[in-house]
Every structure is written in structure tokens, then in C-alpha cells.
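The next block holds one structure in the form of C-alpha cells; read it before the comments.
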Amino acid sequence: MMNFRNAGRISGVVATGAIAALLITGCSRGDDGTGEPDAPSPGITDTTLSLGISSPLSGPTAGPGSCSVAGLYTYLEAKNADGGFEFGDGNTREVTLTYLDDVYDPAKAVSNFRQMVDDGIFAYVGALGTPTNAAILPIAQEEEVPQVLLITGATMFSSNQEENPYTFGLLPTYYSEGFAFGELLAERGEVTVATLAQNDDYGDDYLAGFEAAIDGSDVQIVASATYEPSDPTLDSQVTELAASGADALLSAVSVTPLQVGVLTKAQSLGWTPDIFLPSNTSTPATVVVPGNGAAYPAVYSTSLTKVPVSPAFAEDEDVIAYNEAFELYGKTITETYTPHCAWSYAEGAILEQAFLKMTEPTRANFLEALHSIEDFQAPLLLDGITVNTTDPTLPAIQGINLVQFNGQGYGPVQ
Amino acid sequence: MNMNTITKLTANLWVRIAFGVVVAAVLVVLPLISSKFVNYQLGLMAVFAVAILGLNIVMGYAGQVSLGQSAFLGLGAYIAAYLVTADLGIPEPLVVPVSLVLCAVIPAAVGLVVALAAARLRGLALAMVTIALPIIGIPLAKRFREYTGGAQGTTVSWLRAPDWAEGFLENDQWRYYVVVLIAVLMFLLARNLVRGRMGRAFRIVKENESVAIAMGISPYRYKVMAFTIASLFGGVAGFMYLGVVQYTSPETLSFHTSINMVAAMVIGGSASILGTIFGAIYFVLVPSVANEVDSSLTALISGAILLAVLFLVPGGVVSLPRRISQVARGLARRRGGEAPQNPSDPAHAPVTTGPESTEKNKGKRQGQ
């Protein structure tokens, strides 16, 4: 048997030697080939380009999270099967998408992002979630990896381009949604409004937009209340607001069951104002129909896209193409439709436009190309809503279509 | 090599020192040769090792259910974030040590106050009180926006590599060294704690409160103590979290994180210092592994791994060697071979009382 004393000494010597050796070699770590300006960025060759996304694919936000991947995946794979994407430099490339699950946890999102950067993604696109994207934001700037077309309504991602040139959003902000509602009411003249908003940045952005739009008009906010997303019911808030007898209710509630509760409670109190619902809690099947929205004179919301699952759009060319492709590719990720599927599908088309304008295989050139799209009618976007990226401080889609509930789905405002 | 030789080996001082040196060398060298992603993962493991260690002290050693550890993790992270971003006139070089101290003291004080009331309760009632912590914490974090950054959270850029390290240490490497150093210190602290008088008292309170009272040990006092220590570890882990992730938001406090930490603690090995490390590795690695297999099925895969570990090694990963030898002996006996008698070494017992005692009981029951 070996002498333990010697064994101890030998392993000590070996360990010290190993440390010394590694200290010397280790220092040269982390040169990512960013030396020459014209050298291709990581993740792109003459025939391929790799994109990455981290979204919640499990947990409470899995529905929207999966759709934010599935729509994009569908668009990319359908195009790849069709021969690939054409680029401005004359090459045709296959665009691959790596997607990882972060369960809406910022620490996991950062981990996924770092992993994908290590694996050499060219750009990080379309991720869903405000906290998860906020955690990645500074790292994306540090690593100089584009973090673009994010599916979040928070203003922080696009507003500060000087500090965060590698990041911008896809969707209209909560602010602009609130603004659109305010504009509609301001046109009507003398109206009284009650507001119900989530007690955080989401609710604040919404109200700020609304107030900015009604500023100087005859619209008057006569009652307002706030709530926490963890509240079990909003009955007391609704009762308080109902006492004001306002003509309209701006219900900036982001939790689906709570929004249904607001609709049922108000009518049970005999208060039937015009209702304004934010885009994320206005789905007919899960909110307006269970909440008996037909009891109100009008239910308004905003919409960006055609709804592929609605019979109203069954004959639409975009919808037919989307449904066929989704059956083939997107179904492997999710089977439940949320609007995020349509948004991320349109996002694929926006990327394609940017690729067409890309003349050099670099991230800088990609960002430049991505910021030069004007009046692009992306598939599935409603008529009149276009993509404009020339102002980098705004998200890619700014237009908002106000829609009105017509018994089954949404139609134009009457 | 059978268990006897292994026990003899680990009892030898020189082997222990050599082992320590090798572990230290690996911890020192690893960040220098790893990518930023690996360093981040390693840093997260250190963070959650400390948080789970706190949980293990209150749950594993003292036997009190706590489902609120994420609240202290979040509290620590928010304290550090506030001190780093707010201009409070603390001299630059003192910001990090001051915030580390406050991240330990404030969560410990909060834990103490909660425990003074909660430790009077037992079992499920106690679990309910601890569940309330993250549930109250999240809306509070959103409401006090001036301090917390609201639902969007607070992004920081701190714990950067100091100027003198320029050229040979990058930020991620520096952050790794800081958090791993803190983790090592916290582990030494916990080790001394559970092996000393307090650890013995915890174990008696866990096993039988009446016996504890008879011996002059106040169960209430020691439960409050265990909670306070767990909160302190949670707060320090929060400081480390902010160092590694550079971001905190109400999601950090999420109840989900608490439950996952409890699962990781059980998987690593309840009432075991070494098991805590396995638990932290499990906590950080399994989501990545599940993502590698199929990112749309991560919940399913993580669940399957959890069940598999609990079925195969019910005493946690730390009991794996014992479990293997157990299974091997069982097989040998079935083949008709005479199994070597192997009484468990008394020197081993104090470290892993929890799982070992249950194993022994099981053996007795099977023998009857």
C-alpha cells in the first residue's frame, strides 16, 4: 500500500504545479476575435446564421412564452425549407434558432443568454418578459450582442439608445396603448372615466399614456383604484369605482381571471360603462365571453394582428400560410394559440427584411439594416399597421388598431 | 476497495489536507480556464449553496419547515442593490463590505422578528407562516419603487475587477472569486456551528422536544436561533446573487424558488454540509440539462430527475456511496456469498445523523 504521507506531498506538489501552469495559460482566455472591424461576427458563415431566444416555456407564463418562440420558429423553418434566406451580400443562408426555457426567472435567463453567446449565436431575438430581458440588457451591451425585437411593452428597452444601442423592442408600449384609448375618448367630448390599474410600472405606463392623451380635452377621470396582481378578487375596487357612475372604465388589469371578475362584478352592480381592455387581457374566449362583455354598450381593445384561429380571417392569405406552416413546425413547441404566436411570426418577416439589407456579415451591419426598415407590411399585421424601425428609440411596431367587441370577436370601432 | 478502507483513508490527516488542497486548487483554477457562461453557472452554484445551507440549518438540522428562504435571498439582493445604486455618501472602497454586513444583519433581524412569533407554532402552521414571506415580499418589492425599481427591477454594474487586477482578471472571474470566497467562509462557519454545542442542541430539538426540555435546552430559543441563522445565510446569498446576476427583481423572491431550494436540499442530503453542495449543483445544473434534452419539456424532465433521485437515493446524493455499497452487499448476499460485516464507523455518525439514522432504522425493520 502507498505511503499516505508521500501521497499527500505528491498531490500537493502536483496541485501547485497545475495552478502555476494554468495561471500562465489561463490569462489568454476570452479573445473573441473582435479585433478587425470587417471580420465576420460569431454565428454567421456564408451558408448559415444562428439566432437564440430564451423564453418561459414552462411555469405560469409558459403559454405566451412558448408562442413567442413557436411563431418565430415557424417562420424561420418554413423559409429554410423553401431554400433559405437571401442576404444583401448575395449569399443565401439557412437561419437556425436555438431556444431555451427560463421559467420567467431572470437568473436563468442570464444563464441561457451566456450559454448561447458561448455557443456563438449571432443575435438574440424576440424574447418575452420584462424582468428577464432587463437582466440581460447590460450583458448584451457588454458582449455587444444584438438583443432585438423583444416581446415586451415596457418602454425601458427602446428609450435609451445611447446607453443601450444593442437593444430594442418589437411591440407598442403600454404607454402607447393607453394613449390610443385616451385619444378615442378625447374625440367624444365630455366623458367621465374610472380607471383601475395594476400597482406597478405596467399600470403606471398605461395610465401615463392615457392621461397624456386626454390632457386638455373634456375627458375627466372621476375615480381611480389600483390592485396587486396577487389580489384574489377586485370586487371592492369595482364597487368603489361603480359608485362614481363613470361613462367609461379603463381596466388596465393584466391578470386574466381578475379581468373576468371585473366584467362580471360591474354588471352585477348595474354599472355598464364603456369598457377598455388592454391587449393582453382581451381575448374573447378567455375574458370577454366568460365575463359576459355583451352586457356593456361597448368593449374596446387594441389589436395588432389578424387572428389565425378566428373564422373571420379563415380566407386570408397570410393566415392560410401561417396555419399550414404552424401545423408543420410550431406545433412541436406549443398547440395553444396566444397573440404572441402571431407577433413572433411577423418578427420572422421583419428579420428577413433586415437580412435583405445586410451587406456585411457583422452584428453592426445587422443592427444598421434592422434600423432601416420603413413602412413594411409584415404578414399577419392588420391593414394599416406597419413596421418602422428608423427611429431607434421606438419599438419596431408603433401603430395600434382600436377594435370593438362584436359578440364573437373583435371588429372595427363603430 | 470496501468502505473500511475508505473510512480509514478519510480519517488520515494527510489525505484530508491533500484533498483540501486539491479542492482549493480546482476552485482557484477553474474560472481561469472556463468561459464566462461556466463562471456564471459556478457563481450561481455558490450563491444557492449558501442559501440552501441556511435552509439546511433550519430544516435539516433543526427540523423546522421553512418555505420562505427566497424572501431573505431577495431581501439581501435588494439591500445590496439599494446601497450600490443610491448615493448615500459611503466612501467608494467601503460600499462592498458595508453592503455585505448589512445584507447579513438586516435579513437576520427580520428573520429574528418573524421567528419570535412563528417559532411558537409547529409543523404545518409554521410552514404557512413562512410561505407568507415571499407572498408578502413580492407586492412590497413592487410598491416601494423608489428603493426597488418596481416590477422592472434594478440593474447594477458593480463588483467589477479592481484596477490592480487589470490585464489578468476579468469581471466574471473576479465576481467568481468574491462569491466563492464568501461561500467558503459561510460553509466553514456552518460546519463549526453544526458540529458544536448549537448543532447538538438543534439535533435534540429536532428529534424530541420533550427530551430537549428535560436536558435544559429551550426548543423555542433554538428554533428562533436556527431561523435567524437561516435568514442571515439567505441575506448573504442575496448579496452574492446580486454580485453574480447583477440584477434583482420581484421574481428573485418568487415562492417557486423557495420550493426548488427545499427540493434541492433534500436531493443533496438533508442535515449534511457536503449534501448542500450537491443540492446547489443540482439546483443550477438540472434546468440546463433539461434545456439540453428538450427545452419545451423542461418541467417534465426536471420532475422526472427529481423522482428518479428520490427513488434511487432516498437519503440524498450525499448518501450515494453508502447506498451503492448497500446495494452491492445485497446483491452479494443474494448470490450466496458471505457479506463482510461492516459496522458503521462512529467517527462518521455526527456528520450525517439524519439520513444515517433513518437508514439504520430501515435496516432494522428489514431484518425483523
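Data overview
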quantity	calculated
Failed condition for A:Gln115, given (1) crowded, with 24+ Cβ neighbours inside 10 Å; (2) closer than 25 Å to A:Thr332 by Cα	(1)
Failed item, numbered, when A:Gly126 is tested on (1) without any contact (Cβ under 8 Å) to a residue 60 or more places away in the chain; (2) of a type outside the set (Phe, Trp, Tyr); (3) at positive phi	(1)
Only one of B:Ala117, B:Ala86, B:Ala62 that is under 27 Å from B:Glu209 (Cβ atoms), more than 14 Å from chain A (Cβ to nearest Cβ) and over 20 Å from the mean Cα position of the chain (by Cα)	B:Ala117
Every residue from the stretch B:176-185 that is surrounded by 20 or more Cβ atoms within 10 Å (Cβ to Cβ) and free of Cβ contacts under 8 Å to residues at least 60 places away in the same chain	none
Residues being more than 7 Å from every other protein chain (Cβ to nearest Cβ) and within 28 Å of B:Met240 (Cβ to Cβ) - total across the stretch B:7-42	13
Condition met for A:Ala223 (within 14 Å of chain B (Cβ to nearest Cβ) and among the hydrophobic types (A, V, I, L, M, F, W, C))	no
Filter result for the condition that a residue is among the polar types (S, T, N, Q), outside any helix (DSSP H, G or I) and farther than 23 Å from A:Gly129 by Cα, over A:Thr336, A:Thr359	A:Thr359
Inter-residue pairs, beta-carbon under 9 Å, first at positive phi and in the stretch B:88-111, second surrounded by fewer than 18 Cβ atoms within 10 Å (Cβ to Cβ) and not hydroxyl-bearing (Ser, Thr, Tyr), 6+ apart	none
Qualifying positions in the stretch B:132-175 - within 22 Å of A:Phe157 (Cα to Cα), more than 9 Å from chain A (Cβ to nearest Cβ), surrounded by 14 or more Cβ atoms within 10 Å (Cβ to Cβ) and over 26 Å from the mean Cα position of the chain (by Cα)	B:Tyr147
Single residue of B:Ala304, B:Ala308, B:Ala263 found to be in a helix (DSSP H, G or I) and touching a Leu at 6+ places or on another chain (Cβ under 8 Å)	B:Ala263
Enumeration of residues in the stretch A:95-116 that are β-branched (Val, Ile, Thr) and within 7 Å of another protein chain (Cβ to nearest Cβ)	A:Val110
Residue count, the stretch A:160-212 (criterion: more than 14 Å from chain B (Cβ to nearest Cβ), assigned to a helix (DSSP H, G or I), within 23 Å of A:Trp343 (Cβ to Cβ) and not aromatic (Phe, Trp, Tyr))	7
When residues of the stretch A:252-266 are limited to those that are modelled with pLDDT under 95 and closer than 14 Å to A:Ala194 by Cβ, the one surrounded by the most Cβ atoms within 10 Å (Cβ to Cβ)	A:Val253
Subset tally (residues that are in a helix (DSSP H, G or I), closer than 16 Å to A:Val262 by Cβ and within 27 Å of the chain's Cα centre (by Cα)) for the stretch A:213-242	0
Of the criteria (1) more than 24 Å from the chain's Cα centre (by Cα); (2) crowded, with 19+ Cβ neighbours inside 10 Å; (3) of a type outside the set (S, T, N, Q), which one A:Pro284 fails	(1)
Hey, A:Leu149 at the interface with another protein chain (Cβ under 8 Å from one of its Cβ atoms), modelled with pLDDT of 95 or more and either assigned to a strand (DSSP E or B) or farther than 22 Å from B:Ala151 by Cα (or both) or not	no
Hits in the stretch A:329-382 - residues which are of a type in the set (D, E, K, R) and closer than 14 Å to A:Ser68 by Cβ	A:Glu347
From the options A:Ala62, A:Ala123, A:Ala81, residue that is more than 10 Å from chain B (Cβ to nearest Cβ) and surrounded by fewer than 23 Cβ atoms within 10 Å (Cβ to Cβ)	A:Ala81
Members of the stretch A:84-99 that are small (Gly, Ala, Ser) and either within 14 Å of A:Gly348 (Cα to Cα) or surrounded by 20 or more Cβ atoms within 10 Å (Cβ to Cβ) (or both)	A:Gly84
Selected residue (criterion: surrounded by the fewest Cβ atoms within 10 Å (Cβ to Cβ)) from residues of the stretch B:303-318 that are in contact with a Pro (Cβ under 9 Å, 6 or more places away or on another chain) and modelled with pLDDT of 90 or more	B:Val318
Candidate set from the stretch A:187-220 (those that are among the small types (Gly, Ala, Ser) and within 15 Å of A:Ile275 (Cα to Cα)); member that is surrounded by the most Cβ atoms within 10 Å (Cβ to Cβ)	A:Ala194
Failed condition for A:Leu137, given (1) surrounded by fewer than 24 Cβ atoms within 10 Å (Cβ to Cβ); (2) aliphatic (A, V, I, L, M); (3) within 29 Å of A:Leu249 (Cα to Cα)	(3)
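The values are calculated or read from the model by the stated rules, or taken from the named source; none is laboratory data. Predicted, not measured: the structure shown is a model, and the values here were computed from it. FYI the Cβ positions are ideal-geometry reconstructions off the backbone, even for glycines, and counts take in every protein chain you see.
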